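S.K.: Submitted below is the structure of interest, expressed as C-alpha cells.
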C-alpha cells in the first residue's frame with residue numbers, strides 16, 4: 001500500500017507519522033509494543049521508503065525527556081511525496097503543524113509509581129507527549145492538527161482505519177482518501193463545495209449576536225488577528241468559555257419522561273455488530289436509566305455529554321457502552337425525548353431544537369464525514385467519518401487549501 005501526503009494548505013508543514021510497533025490491545029501486547037515513527041528516506045518524489053523506527057529512550061534520569069521537535073520532517077507549501085509499500089503502523093497518528101514547528105513534541109518516561117521511580121511495564125516504560133491545544137498549553141497558539149491512521153493485518157490480507165477527528169477542536173481541513181485493490185475509493189474530512197477554512201471559523205464567529213447559539217461563538221481562539229482553532233464545547237467548559245450546565249435541563253426532561261409508566265415512556269435501543277440486540281430501558285427509582293440484561297446508565301453532566309466520556313459513559317467495550325453511545329448521540333442531536341426508538345437516524349431532524357451540540361452541526365455544514373463528537377458515527381452508515389478499508393492499495397492525506405486567516 002502506498003501513502004501520499006500533499007501540502008495544499010499554502011503553509012510550510014512540520015510533521016511526523018507515529019504510532020505503535022504492534023497491536024497493543026492486551027496486557028501482554030502492551031508490554032512488547034513500543035512507540036515508533038515512520039523514518040522517511042525523503043519528503044519528495046514518488047518512491048519514498050518508510051521504516052518503522054522506535055523512538056529512542058529519553059535517558060536514564062527519572063525526569064529526562066527527549067525533545068523531538070528538531071527531528072520533525074518538513075513539507076513546503078505545494079509539496080508532496082509518496083511512500084511506496086508502507087509498513088504496518090498501529091494506533092497511528094499523523095501530526096501536522098503549519099507555518100511553524102510546535103513548541104512541544106517529546107518522548108518521556110511513563111510511570112507506574114513516580115514516587116518510587118517504578119516505570120510502566122508498557123511501551124518500554126516510555127510515552128509520547130504531542131502538542132497540547134488547551135489555552136494553558138505551550139502550543140495554544142500554534143496552528144496544528146492531526147489525523148488518525150492505522151495500517152495492520154486483517155484476516156489473510158490487511159486493512160486501513162483512518163479519520164480526521166475534530167472531537168477536541170477544529171483547526172485546519174485535512175482530507176484522507178483510501179482506495180482498495182478493486183479501485184473503490186472513500187474519503188473523510190472534505191471541505192464542502194465552495195467552503196474553506198475561514199468559512200468554518202466565520203460560521204462560529206457569526207453567532208456572536210444569535211439569540212440561541214451565541215455561546216458557541218466563544219469557542220473560537222484567535223491570536224494576533226489569526227484564527228487558531230475552535231474548541232469543542234466540552235473543552236470550552238474546562239477553559240471557562242462555555243456553560244457547564246448547557247444540557248442540564250434537557251437531560252432532566254429526558255430522565256423525567258422515560259419513567260417506564262407506559263410503553264411510550266420506555267426507551268428501545270437497537271444495537272448492531274458485536275453486541276447486537278434490542279434493549280429496553282427506563283429510569284428506575286434510583287435515578288439511573290436501567291436497561292434489562294445490560295446495566296444502568298447514570299444521568300450524565302453537560303460536560304460528560306459533550307465529551308461522551310467520564311461519569312456514566314463506560315470505558316469498557318460492552319453492551320452498556322454500545323447503548324451509551326446511542327444515548328450520547330441522541331442527546332447531542334436533541335432527538336432523545338421525542339423518539340423512544342434509538343438510534344433515530346433522520347438527519348434532517350438533528351440539531352433543530354436547542355440545546356444541542358451546535359459545534360457538531362456547524363462542522364457538518366462545512367465538512368463531509370467528520371466527527372463532531374465521539375459518538376458521531378451513530379447513524380452515519382456508508383458516510384461514516386471512520387474509514388475502514390480492507391485490502392487498500394493507496395492512502396492520500398491532503399492538507400487542504402485554506403484562505404488566509
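The values are calculated or read from the model by the stated rules, or taken from the named source; none is laboratory data. Keep in mind it's a predicted model, so treat the numbers as computed, not measured. Note: ideal-geometry Cβ built from the backbone for every residue, glycine included; neighbour counts use all protein chains shown.
S.K.: Restricting attention to the stretch 1-22, which residues are in contact with a helix residue (DSSP H, G or I) (Cβ under 9 Å, 6 or more places away or on another chain), outside any strand (DSSP E or B) and buried (at least 22 other Cβ atoms within 10 Å of the Cβ)?
M.R.: Correct list: 9 only.
S.K.: Can you name the residue in the stretch 264-316 that is in a helix (DSSP H, G or I) and over 23 Å from the mean Cα position of the chain (by Cα) and, of all such residues, is surrounded by the fewest Cβ atoms within 10 Å (Cβ to Cβ)?
M.R.: My answer is 264.
S.K.: Related question: Say whether the condition of being without any contact (Cβ under 8 Å) to a residue 60 or more places away in the chain and in a loop (DSSP other than H, G, I, E, B) is met by at least one residue in the stretch 214-222.
M.R.: Within the stretch 214-222 (the criterion being without any contact (Cβ under 8 Å) to a residue 60 or more places away in the chain and in a loop (DSSP other than H, G, I, E, B)), the answer is no, since none of the residues qualifies.
S.K.: Now a separate question. Residue under question is residue 320, and the condition is that it be in a helix (DSSP H, G or I) and in contact (Cβ under 8 Å) with a residue 40 or more places away in the chain; does it hold?
M.R.: In short, no.
S.K.: While we're here: Within the stretch 35-73, can you find the residues that are at pLDDT 95 or above, farther than 23 Å from residue 102 by Cα and not in a strand (DSSP E or B)?
M.R.: 49 - this is the single residue of the stretch 35-73 that is at pLDDT 95 or above, farther than 23 Å from residue 102 by Cα and not in a strand (DSSP E or B).
S.K.: Then there's this: Could you say which residue among 88, 38 is under 23 Å from the mean Cα position of the chain (by Cα) and touching a residue at least 60 places away in the same chain (Cβ under 8 Å)?
M.R.: Sole residue among the options that is under 23 Å from the mean Cα position of the chain (by Cα) and touching a residue at least 60 places away in the same chain (Cβ under 8 Å): 88.
S.K.: Is it true that some residue in the stretch 334-353 is surrounded by fewer than 21 Cβ atoms within 10 Å (Cβ to Cβ) and part of a strand (DSSP E or B)?
M.R.: Yes, because at least one residue in the stretch 334-353 is surrounded by fewer than 21 Cβ atoms within 10 Å (Cβ to Cβ) and part of a strand (DSSP E or B).
S.K.: Against the condition assigned by TED's automatic domain parsing to the domain that holds residue 79, touching a residue at least 60 places away in the same chain (Cβ under 8 Å) and under 24 Å from residue 102 (Cα atoms), how does residue 20 come out, does it pass?
M.R.: So residue 20 passes the test.
S.K.: Within the stretch 348-382, how many residues are more than 18 Å from residue 232 (Cα to Cα), without any contact (Cβ under 8 Å) to a residue 24 or more places away in the chain and under 16 Å from the mean Cα position of the chain (by Cα)?
M.R.: Summing the residues that are more than 18 Å from residue 232 (Cα to Cα), without any contact (Cβ under 8 Å) to a residue 24 or more places away in the chain and under 16 Å from the mean Cα position of the chain (by Cα) in the stretch 348-382 gives 1.
S.K.: Does any residue of the stretch 25-32 turn out to be surrounded by 15 or more Cβ atoms within 10 Å (Cβ to Cβ) and in contact with a strand residue (DSSP E or B) (Cβ under 8 Å, 6 or more places away or on another chain)?
M.R.: no
S.K.: So which residues in the stretch 374-405 are under 19 Å from residue 144 (Cα atoms) and part of a loop (DSSP other than H, G, I, E, B)?
M.R.: Correct list: 400, 401, 402, 403, 404, 405.
S.K.: For the subset of the stretch 225-240 comprising residues that are surrounded by fewer than 18 Cβ atoms within 10 Å (Cβ to Cβ) and without any contact (Cβ under 8 Å) to a residue 60 or more places away in the chain, which member is farthest from residue 371 (Cα to Cα)?
M.R.: Among those that are surrounded by fewer than 18 Cβ atoms within 10 Å (Cβ to Cβ) and without any contact (Cβ under 8 Å) to a residue 60 or more places away in the chain, it is 225.
S.K.: Let me ask something additional. Taking the stretch 6-35, which residues are more than 20 Å from the chain's Cα centre (by Cα) and more than 22 Å from residue 172 (Cβ to Cβ)?
M.R.: Once the filter is applied, which keeps residues that are more than 20 Å from the chain's Cα centre (by Cα) and more than 22 Å from residue 172 (Cβ to Cβ), the stretch 6-35 yields 21, 22, 26, 27, 28, 29, 30, 31, 32, 33, 34.
S.K.: Find the residue count for the stretch 241-263, including only residues that are part of a helix (DSSP H, G or I), touching a helix residue (DSSP H, G or I) at 6+ places or on another chain (Cβ under 9 Å) and in contact (Cβ under 8 Å) with a residue 60 or more places away in the chain.
M.R.: Count: 4.
S.K.: Turning to a different aspect of this structure: Regarding the stretch 74-96, can at least one residue be identified that is under 21 Å from residue 132 (Cβ atoms), at pLDDT 95 or above and surrounded by fewer than 17 Cβ atoms within 10 Å (Cβ to Cβ)?
M.R.: No - not one qualifying residue is present in the stretch 74-96.
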